[in-house]
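Single-structure report; data block below.
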């Protein structure tokens with residue numbers, strides 16, 4: 001449990017009692033397991049630092065600009081519009 005669930009009873013009821021149409025909680029157990037692994041690694045600060053640096057070094061491929069360009073080309077089939085210089 002994370003905090004007071006009272007303000008969220010309508011949302012919780014919609015997911016638990018009325019079916020999880022959007023699969024909001026479908027992978028919650030995987031999320032909890034991943035968070036447990038994060039907690040374990042965090043205990044070893046040298047290992048944590050190594051993982052943080054490696055993560056930042058590898059994130060260039062996942063840039064938003066690349067993803068938008070890829071979607072524009074492969075999914076939306078649109079071309080970029082040249083910007084006018086000011």
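The values are calculated or read from the model by the stated rules, or taken from the named source; none is laboratory data. Owing to the predicted nature of the structure, the values given are computational and were not obtained by experimental measurement. A quick note on method: Cβ atoms are made from the backbone with ideal geometry, for glycine too, and the neighbour counts reach across all protein chains shown.
When residues in region 22-31 are screened for being surrounded by 10 or more Cβ atoms within 10 Å (Cβ to Cβ) and modelled with pLDDT of 90 or more, 1 of them pass. In region 1-21, what residues are surrounded by fewer than 10 Cβ atoms within 10 Å (Cβ to Cβ) and part of a loop (DSSP other than H, G, I, E, B)? Within region 1-21, 1, 2, 3, 4, 17, 18, 19, 21 qualify.
Within region 65-79, can one find any residue that is farther than 30 Å from residue 5 by Cβ, free of Cβ contacts under 8 Å to residues at least 60 places away in the same chain, in a loop (DSSP other than H, G, I, E, B) and in contact with a helix residue (DSSP H, G or I) (Cβ under 9 Å, 6 or more places away or on another chain)? Looking for residues that are farther than 30 Å from residue 5 by Cβ, free of Cβ contacts under 8 Å to residues at least 60 places away in the same chain, in a loop (DSSP other than H, G, I, E, B) and in contact with a helix residue (DSSP H, G or I) (Cβ under 9 Å, 6 or more places away or on another chain), one finds at least one in region 65-79, hence yes.
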